[in-house]
Amino acid sequence: MWQGMSRRCAIRVAVLSVSCAVTALTAACADMPNDSHAQGVVWQVDNATANPVGEWQLLGVRALLVQWTVVDDTAFVPDAGLPTAANMPDWARIGREPWARDVILGLAGDADERRARADIDKLVSESLSVARIALPLHVTGYYFPVEVDPTWADAPKLASLLRTLPRPLWISVYDRSNIGGTALADWLASWLPPDIGVFFQDGCGVYARGPSIARDYLDALSARLGGDRVRVIAEAFRPSEHGGFRAASADELRAQLAAYRGYSTYLFDGPHYVSNDLARTLAPRAAARHGTSPR
């Protein structure tokens with residue numbers, strides 16, 4: 001009988017311990033801010049971040065936008081017919097990451113914008129070669145990494161070249177001259193093929209505008225082009241007082257993600273600016289569920 005009682009007591013203690021732990025976790029979560037959410041993360045591939053790691057899935061990220069697989073005539077993929085990078089990505093490992101369930105594969109680009117715009121024909125040709133390479137990724141679309149804005153007078157000439165690239169196809173657009181969302185949408189609609197999607201760069205990273213104005217742009221673009229063609233790149237960086245750029249603070253990035261709710265939002269860029277600590281701070285509840293927290 002005493003042995004049976006001991007077992008029953010042990011069970012009661014175990015149940016009580018679990019109950020207390022759940023109560024403590026619930027109480028702790030009640031004091032936490034709500035999690036911020038994003039749908040995707042951008043990876044600007046370079047030798048320093050050839051094998052990105054991060055906990056972006058805490059924010060709900062399951063999509064990866066690879067900015068480019070060829071840049072400055074250097075390939076980060078095999079069999080492209082170009083010199084390969086000093087550090088090659090482990091594409092198989094990346095394809096297994098929870099934040100890369102769906103991949104939009106960047107094609108051929110140039111880090112220098114003027115040179116990229118001058119060499120469109122070459123970049124399209126390289127992009128066609130890259131798109132034929134089989135990678136261990138769930139590729140759901142392609143991205144042509146030559147960014148457009150309304151100050152580029154020759155941008156409409158892109159239309160015929162973009163028609164040759166694989167689909168689904170995306171480009172990105174920014175508004176350095178602040179013409180406004182409606183004017184930007186009208187400009188794009190005047191020349192962009194109707195089956196090409198647009199990533200809008202929000203401009204918060206260079207203080208071109210705040211999140212609420214960026215939201216106005218998204219609404220205007222969506223109204224003119226269609227909601228399924230519009231996604232947003234939330235710039236996760238800010239100018240540094242010492243020159244260059246720093247990572248956006250949690251409060252800065254939280255405001256962006258809140259403003260873009262309802263749109264598919266991609267963080268630019270994860271490996272350089274969205275550290276694990278920042279991801280955990282933005283999503284404290286998810287971090288607690290996974291047993292991690294900001295340091």
- [ ] Treat every Asp and Glu Cβ in the chain as -1 and every Lys and Arg Cβ as +1, leave all other atoms uncharged, and give the resulting dipole magnitude about the Cα centre to the nearest 20 debye.
- [x] 1400 debye
Task: Residue of S190, S264, S127 that the Gaussian network model of the chain assigns the largest fluctuation, springs spanning Cα pairs under 10 Å - done: S190
- [ ] Taking the Cβ of H272 as the centre, find all other residues whose Cβ is under 12 Å away and add up their charges (Lys, Arg: +1; Asp, Glu: -1).
- [x] -2
Open item on the list: Just the number: Rg to Rh for the chain, Cα atoms, Kirkwood Rh, two decimals.
Closed with: 1.09
Open item on the list: Output wanted: per-residue J couplings in Hz (rounded whole) for region 104-116, from phi through Karplus 6.51 cos²θ - 1.76 cosθ + 1.60, θ = phi - 60°, x for Gly and Pro.
Closed with: 9, 8, x, 9, 9, x, 9, 5, 8, 4, 4, 5, 4
Task: 14 Å beta-carbon shell around D228, net charge (K/R +1, D/E -1) - done: +3
Open item on the list: What whole-number distance in Å separates the alpha-carbon centres of region 188-231 and region 236-261?
Closed with: 19 Å
Open item on the list: For a quick check, take a GNM of the chain with Cα springs below 10 Å and name the residue from E147, E241, E97 with the largest mean-square fluctuation.
Closed with: E241
- [ ] Please give the net charge around F199, taking every other residue with its beta carbon less than 11 angstrom from that of F199, where Lys and Arg add +1 and Asp and Glu add -1.
- [x] 0
Task: Contour excess over end-to-end distance, with Cα ends at R289 and S190 and 0.36 nm allotted per residue - done: 30.9 nm
Task: Within a Gaussian network of the chain (alpha carbon springs, distance under 10 Å), most fluctuating of T265, T281, T164 - done: T164
Open item on the list: Tell me the relative contact order for the chain as a rounded percent, counting alpha carbon contacts under 8 Å between residues six or more apart.
Closed with: 19 percent
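Every number in this text was worked out from the coordinates using simple rules, so none of it is lab data. These numbers were taken from a predicted model, which means no experiment stands behind them. Glycine also receives a Cβ, built like all others from the backbone with ideal geometry; neighbour counts cover every protein chain displayed.
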